[in-house]
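Notes follow the structure.
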Amino acid sequence: MSQSVLHLRAPVLECVRIALIGLGSRGQKTLERYRYVDGVRFTALVDHSLEHLEEAQLILERSGRERVALATQDSQLALASDEVDLVLICTDWYSHATLACAAMEQAKHVALEVPAALTLEDCWRLVHTAERTQRHCFLLENCCYDPFHLEMLARVEAGDFGELKHAEGAYIHNLQGQDPAELPRDHQLYNWMGECYPFAGGNAYPTHGLGPMAQLLGIYRGDRFTSLYACASTPGLPLTQRHSSILLQTERGRTALLQLDLHSPRPYSRLQSLVGTEGYMSKYPLPILQQRAWSQALMGEALLEELRARPRSPLASFVAEGDAKGVPNVMNYAMDARLIHCLHEGLPLDISVYDAALWSAVIELSARSEQEQRPLSLPSFL
């Protein structure tokens, strides 16, 4: 009988040996950013392109690290290697679930780029494989390590917002309405969405908004999403020319709004809003924190300075480390360093396979809901 991996404590790894599969734009950036993370060693590199493999080796050399002996076009060689503990997957969307399952079957932990899977079937396959093998399957959703989000989460856990009522999240990024085919092949967002999305509608990129919302609402930690209803302002148009809105409801009666907008002139936003009986907090378009007992909200730079000066999150040390090291993106550093820390210490991960499956399942379910013009039930993967 399968055993839950929600609070999985795997054996301690003193040094995490990593195989990186997929050395395109995102994979090479992953290799570069891991130069700042202690206690890791790359032992395998995989890509179908010999040129990409050599570029990756040069990245290692430039950062003072050794070239990798196992640099191959065959992912199975890396997955079977006894010199690998963790497999980082930075390939096309279609291959994420298949590679992740294959890695776990070889007794490897997995960290994969978003989304974890494109179909409900593959979401369930990830869950069942992780439970059977008792291996971690971590989704590399860096927005869950945004310092602002971490401070929101700390205040939720302290009860500052009272009874939670509503959350909002999004990926709103003006891409000027251009068709993916018109952009460079190495433009990762367009390339993924243009070539890897199998549905005619729905939200193709939900996890940046949904992941932080789910954490704030305690999904699979006391509550769960039960249904969603999706609609689009311009159904039938390409992904970069349509606006997707999804309303979700939880078992405890809370609501959540998730949006995807890649076309309108709206400023970049992930919304990051939370409403409770005793407080409200939001990052975009202007950082705001309002408590019921306050006569005036704390907002803008004053709020950001308060969060920096008096952080409450137990993960604030990872943010501080990243700032001290001068990393290009502190969200990425906090995510990577926290993941490796948990593997070093044998601790449960912040994002489980159940989270990865749920956040990714919204892709297919939102497409179906939009097409059928009705709400749909969300499965409980836990």
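The values are calculated or read from the model by the stated rules, or taken from the named source; none is laboratory data. As the structure is a prediction and not an experimental result, all values here were calculated from the model. Cβ sites come from the backbone with ideal geometry, for glycine too, and all protein chains shown count toward neighbours. Please note that ligands, DNA and RNA were not included when accessible areas were found on the heavy atoms of the full protein model with its side chains. Shrake-Rupley method; radii C 1.70, N 1.55, O 1.52, S 1.80 Å.
The requirement of being touching a residue at least 12 places away in the same chain (Cβ under 8 Å) and crowded, with 23+ Cβ neighbours inside 10 Å is satisfied by A100.
Against the criterion of being of a type in the set (S, T, Y), outside any strand (DSSP E or B) and open to solvent by 10 Å² or more (accessible area, probe 1.4 Å), T30 does not qualify. Inspection of segment 8-23 finds a residue satisfying the criterion of being closer than 23 Å to N142 by Cβ, open to solvent by less than 50 Å² (accessible area, probe 1.4 Å) and not hydrophobic (A, V, I, L, M, F, W, C). Counting residues that are among the polar types (S, T, N, Q), which helices (runs of 4 or more DSSP H) fully inside segment 266-382 reach at least 2? Fully inside segment 266-382 and qualifying: 353-372. Scanning segment 276-326 for residues that are hydroxyl-bearing (S, T, Y), surrounded by 14 or more Cβ atoms within 10 Å (Cβ to Cβ) and farther than 27 Å from R338 by Cα yields a single hit, Y280. Among the residues of segment 103-130, the ones that are touching a residue at least 60 places away in the same chain (Cβ under 8 Å) and surrounded by fewer than 20 Cβ atoms within 10 Å (Cβ to Cβ) come to 4 in all. With the requirement that a residue be open to solvent by less than 20 Å² (accessible area, probe 1.4 Å) and over 20 Å from the mean Cα position of the chain (by Cα), what does segment 233-253 give you? Scanning segment 233-253 gives T240, R242, T250.
Cβ-Cβ contacts under 9 Å between residues 6 or more apart (or on different chains), taken from a first residue in segment 361-373 that is of a type in the set (K, R) to a second residue that is open to solvent by less than 30 Å² (accessible area, probe 1.4 Å), are listed as R368/G201; R368/G202; R368/A230; R368/L376.
Conditions (1) among the hydroxyl-bearing types (S, T, Y); (2) open to solvent by less than 10 Å² (accessible area, probe 1.4 Å), marked per residue:
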site: L6; (1), (2): no, no
site: S25; (1), (2): yes, no
site: Y34; (1), (2): yes, yes
site: R41; (1), (2): no, no
site: E51; (1), (2): no, no
site: E61; (1), (2): no, no
site: G64; (1), (2): no, no
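Modelled with pLDDT of 95 or more and in contact with a Gly (Cβ under 8 Å, 6 or more places away or on another chain) - does that describe any residue in segment 61-78? Checking segment 61-78: not a single residue is modelled with pLDDT of 95 or more and in contact with a Gly (Cβ under 8 Å, 6 or more places away or on another chain). Here G159 fulfils each of the conditions (1) surrounded by fewer than 20 Cβ atoms within 10 Å (Cβ to Cβ); (2) touching a Ser or Thr at 6+ places or on another chain (Cβ under 9 Å); (3) modelled with pLDDT of 95 or more apart from (2). Listed by position, the helices (runs of 4 or more DSSP H) contained in segment 69-150 that have at least 2 residues being more than 20 Å from the chain's Cα centre (by Cα) and under 22 Å from G24 (Cβ atoms) are 75-80. Close Cβ contacts (under 6 Å, 6 or more residues apart or on different chains) running from residues in segment 310-324 that are under 13 Å from R155 (Cβ atoms) to residues that are assigned to a helix (DSSP H, G or I) and modelled with pLDDT of 95 or more comprise R312/A154; S313/L150; S313/E151; S313/A154.
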